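Working notes, structure below.
Throughout, read-outs are computed from the coordinates displayed, never taken from laboratory work. Owing to the predicted nature of the structure, the values given are computational and were not obtained by experimental measurement.
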Amino acid sequence: MERVTLRIPKQQIEEVEQMVETGEYPNRSEAIRSAVREMLAEQETGQERPSEKRQRRKKRTWARV
């Protein structure tokens, strides 16, 4: 694995920490890896209708780079 450094708003890190504390994830890194896997899977299955894609983009909490 490669190490990646990123900046995340404090509130989001606190929410990730809460998921770790409740046992949903073993640690921050695994929680973030899971989010990246989910984002990539969403990209792969982009077989939605154009209107659904537009609607989903509005709800997206991550930025497409």
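In whole Hz, what ³J(HN,Hα) sequence does region 14-21 give by Karplus (6.51, -1.76, 1.60; θ = phi - 60°), x for Gly and Pro?
4, 5, 5, 4, 5, 5, 5, 4
Amide H of TYR25 versus every other amide H placed in the peptide plane: which residues, excluding those fewer than 5 positions away on the same chain, fall under 5 Å?
VAL20
How long is the gain from GLU2 to ASN27 if the chain were fully straight, where each residue apart is worth 0.36 nm and the alpha carbon distance is subtracted? Before the final figure, lay out each step's value.
Numbers: separation 25, 0.36 × 25 = 9.00 nm, distance 1.67 nm.
Answer, rounded to one decimal: 7.3 nm.
Please compute the length gained on full extension between VAL20 and THR45, using 0.36 nm multiplied by the number of residues separating them and subtracting their Cα-Cα distance.
Once the chain is fully extended between VAL20 and THR45, it gains 6.2 nm.
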